[in-house]
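To start, the structure under review is shown below, and the notes come after it.
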Amino acid sequence: MQQLFNFFIKNKTFVLFLLLFSCGLSLTIRSNGYHRSKFINSSNQITGSVYGTFHSISQYFNLKKENEILLNENSRLKTLVFSRENLTPLDTLLEQKYDLFPSLIYKNSFALPNNYLTLNKGQNDSIKEDYGVITSKGIVGIIDATSSNYSRVLSILNTSSRINVKLKKTNYFGILSWDGKSPEIAQLKDVQDLVKLSIGDTIVTSGYSSTFPPNIPVGSILSYALNDTEDLYIIEVKLFNDMRNLEHVYIIKNTAINELRALNISDE
Amino acid sequence: MNNIVLNTVLRFIGLVFLQIIICSNINFLGYLNPYIYIIFIFLYPITNNRLLFIFLSFLLGLSVDMFLDSGGVHASASVAIAYVRPLFLKFSFGAAYEYQAVKFSNTTLSQRLIYFLFLIVIHHAILFSLVVFDKNETLLIVKQTLYSSVFTLIVCLLLTSLFSKKEL
């Protein structure tokens, strides 16, 4: 026993190094899975407020462009309203199932294989995990951690991101993932080889998951090829969103999510 | 003595902020960022209390990790170079280190260059192996390590000479 203690005292620097290094390693490995990095993430109070302070300075640099984007979206929505003014839902059941919360991006990254965004809305604004995040152009990601005032988004530019999407024309669905290379291009897998594809076809969300409503634009087909076993396509999708340049986003809350969950539980 | 402690604390906070607010948003050529926060580890006073030094390096890396949502990659890489630092101090500064008389303002540019270069390459190699975490992508790791090391080295040398007290 004495010798053991002596050994530790003699090599205490190395022991501390080993301890802290393995600590860092385990944090890294844990963070590679969806829903696991709860402790060290940028949605906590300290990091959130620091990013908030600096964001209030840096947002002035983009004001002109952001105004333009908002104006464009406004005019698009106005035309939608004008063209269907006298359409009222027949039944309360047909009324909207989704609430939208506008939010600002405090921190964005796109150069790593696993990217996350930090938003300025949290539990106090009734934001929870698994809510979807979109912009006026397309989808951004899914919320995976929240604190009282901030939340963290698992970006579609994350190698562990999986989103259910479909081809707008033919309604065939597949899973959108990212290979970690270009921030403009994501990969759509699991589309069967009997589906007719053409370059430029639009990809939209499928609505099969409770996170995103159906028919939110995602991207367009850039190129496609068959996989090794030649029964499924691997489609390169050019994203509509420029993920490198985001500022205003919307968080989608599915108001029927509890009902859907209850149904799923009763299935099992 | 108090002056040194204050200096160290200010440098710690300043470098973390500089890293997360500016240096991690450069994205030169789409993906290259300098990781300048490790200047803290380069310039930490040479003491016998290596335990505190290694622990501070871990905290430094962990706070950067927290802001950049990268798990524990910066913490691991920082701890590693903090542990091997004495080896490279001896290698680059030679006898001056033996007598614990190294003052960074008194060293020559080539000495500092070699010292920085070795630690930066080790740091970036560990960092990018953990960030990519895929043995099929070794080429990508090597590429990122090389390019980012050059970028970091240039920015580190500029920053340290900008804030050094001696006229160069």
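A few points about this structure:
- Exclusive hit being hydrophobic (A, V, I, L, M, F, W, C) and more than 20 Å from residue A:182 (Cβ to Cβ), set B:139, B:130: B:130
- Condition met for residue B:41 (of a type outside the set (S, T, N, Q), in contact with a Lys or Arg (Cβ under 8 Å, 6 or more places away or on another chain) and within 17 Å of residue B:65 (Cα to Cα)): yes
- Neighbours by Cβ (under 7 Å, 6+ apart or cross-chain): first from the stretch B:37-49, more than 11 Å from residue B:159 (Cβ to Cβ); second open to solvent by 40 Å² or more (accessible area, probe 1.4 Å) and at pLDDT below 85: B:45/B:4; B:46/B:100
- Residue selected from the stretch A:95-116 under the condition under 13 Å from residue A:161 (Cα atoms) and in a strand (DSSP E or B), by the criterion most open to solvent (accessible area, probe 1.4 Å): A:114
- From B:116, B:93, B:128, residue being at pLDDT below 85 and surrounded by 18 or more Cβ atoms within 10 Å (Cβ to Cβ): B:93
- Within the stretch B:1-72, helices (runs of 4 or more DSSP H) holding 3 or more residues that are at the interface with another protein chain (Cβ under 10 Å from one of its Cβ atoms): B:2-21, B:50-68
- Listing of strands (runs of 3 or more DSSP E) fully contained in the stretch A:156-251 that carry 2 or more residues being without any contact (Cβ under 8 Å) to a residue 12 or more places away in the chain and open to solvent by 30 Å² or more (accessible area, probe 1.4 Å): none
- If you go through the stretch B:41-52 and keep only what is surrounded by fewer than 21 Cβ atoms within 10 Å (Cβ to Cβ) and not polar (S, T, N, Q), you end up with B:42, B:43, B:44, B:45, B:46, B:50, B:51, B:52.
- Pairs are defined by a Cβ separation below 6 Å, a sequence spacing of at least 6 or placement on different chains, a first member in the stretch B:129-156 that is touching a residue at least 60 places away in the same chain (Cβ under 8 Å), and a second member that is surrounded by fewer than 16 Cβ atoms within 10 Å (Cβ to Cβ); the pairs so defined are B:147/B:32; B:148/B:32; B:151/B:32.
The values are calculated or read from the model by the stated rules, or taken from the named source; none is laboratory data. These figures come from a predicted structure and were not determined experimentally. Neighbour counts are summed over all protein chains in view; Cβ atoms, including those assigned to glycine, are modelled from backbone coordinates with ideal geometry. For accessibility, only protein heavy atoms count, side chains too; no ligands or nucleic acids. Shrake-Rupley method; radii C 1.70, N 1.55, O 1.52, S 1.80 Å.
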